Amino acid sequence: MKNIINIITLSRILCAPLIFICITELESFGVAFVLFIFASITDFLDGYLARKFNATSELGRILDPIADKILIAFTLIALTLYLDSFYLGIMTATILAREFWVSALRELNAINKNLDATKVTFIAKLKTTAQFIAISGYVLALYFNLAILLFVSNFILLVAVLVTLITGIEYTINTLKVTSPED
């Protein structure tokens, strides 16, 4: 079962470059949307199956957030390029900077055997969900050629970025509490 779950996670990584190509080269927004929704569902499915069948693994624990980051990065970069949007570029850069920062914190906490400081929280899951919703909105807006949906997606992405920053700050504070010397 662990192998099946890890394959589900890997499928998210494989979808990312396909979505990128669909958006930037083929302008196949319907296909990109279907692939993105499929990949988003795998994010829920792999975790659900791992818990339901008690089939969690170290590889899965490491691979799952990486798969999310790859999917989100590829898709946001594709959208930024296609839409030639400074706003989307800044939002994407902010999300990516936070993801690199939290990855560094996780590495530090792994070295210090303090994995709880950067353990995935409920608000972090909300962050990922908000990012998925915003990205889905952008791709649907392109498919249906709806400027209003682009505007709504811009707002949802702003909310997602704010939650992204809050979780990054939360993880930083949790890490500093443990790694700072006691007074």
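Table for the structure above
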| read-out | value |
| --- | --- |
| Using θ = phi - 60° and Karplus 6.51 cos²θ - 1.76 cosθ + 1.60, couplings along region 50-57 (whole Hz; Gly, Pro as x) | 4, 6, 4, 9, 6, 10, 6, 9 |
| Cα-derived Rg over Rh, computed across region 118-169 with Rh taken as Kirkwood radius | 1.08 |
| With Cα atoms, 0 to 90° folded angle of helix 2-21 axis to the chain main axis | 40 |
| Global form of region 7-91, assessed from the alpha-carbon gyration tensor, a/c cut-off 1.5 | prolate |
| Contour minus Cα-Cα distance for I62 and Y143 (0.36 nm per residue) | 25.8 nm |
| Cα-centre dipole for region 53-183 with unit charges at Cβ (Lys and Arg positive, Asp and Glu negative), debye to 20 | 160 |
| Accessible area (Å², per residue) of the chain, counting only protein heavy atoms and a probe of 1.4 Å | 56 |
| Vicinal HN-Hα couplings computed from phi for region 123-140 (Karplus, 6.51 cos²θ - 1.76 cosθ + 1.60; Hz; Gly/Pro x) | 5, 5, 5, 4, 4, 5, 4, 4, 5, 4, 5, 4, 5, 4, x, 4, 5, 5 |
| Of all accessible heavy-atom area on region 1-152, the percent that carbon and sulfur account for (1.4 Å) | 72 |
| Protection proxy ranking, peptides 73-83, 90-100, average beta carbon neighbours within 10 Å, highest first | 73-83, 90-100 |
| Positive dipole terminus of the chain, leading residue within I77, M91, A39 (C-beta point charges) | A39 |
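The values are calculated or read from the model by the stated rules, or taken from the named source; none is laboratory data. Nothing here was measured: the structure is a model prediction, and the numbers come from that model. Cβ: placed from backbone, ideal geometry, glycine included. Neighbour counts: every protein chain shown. We work out accessible area using only protein heavy atoms, side chains counted, and drop any ligands, DNA or RNA first. Shrake-Rupley method; radii C 1.70, N 1.55, O 1.52, S 1.80 Å.
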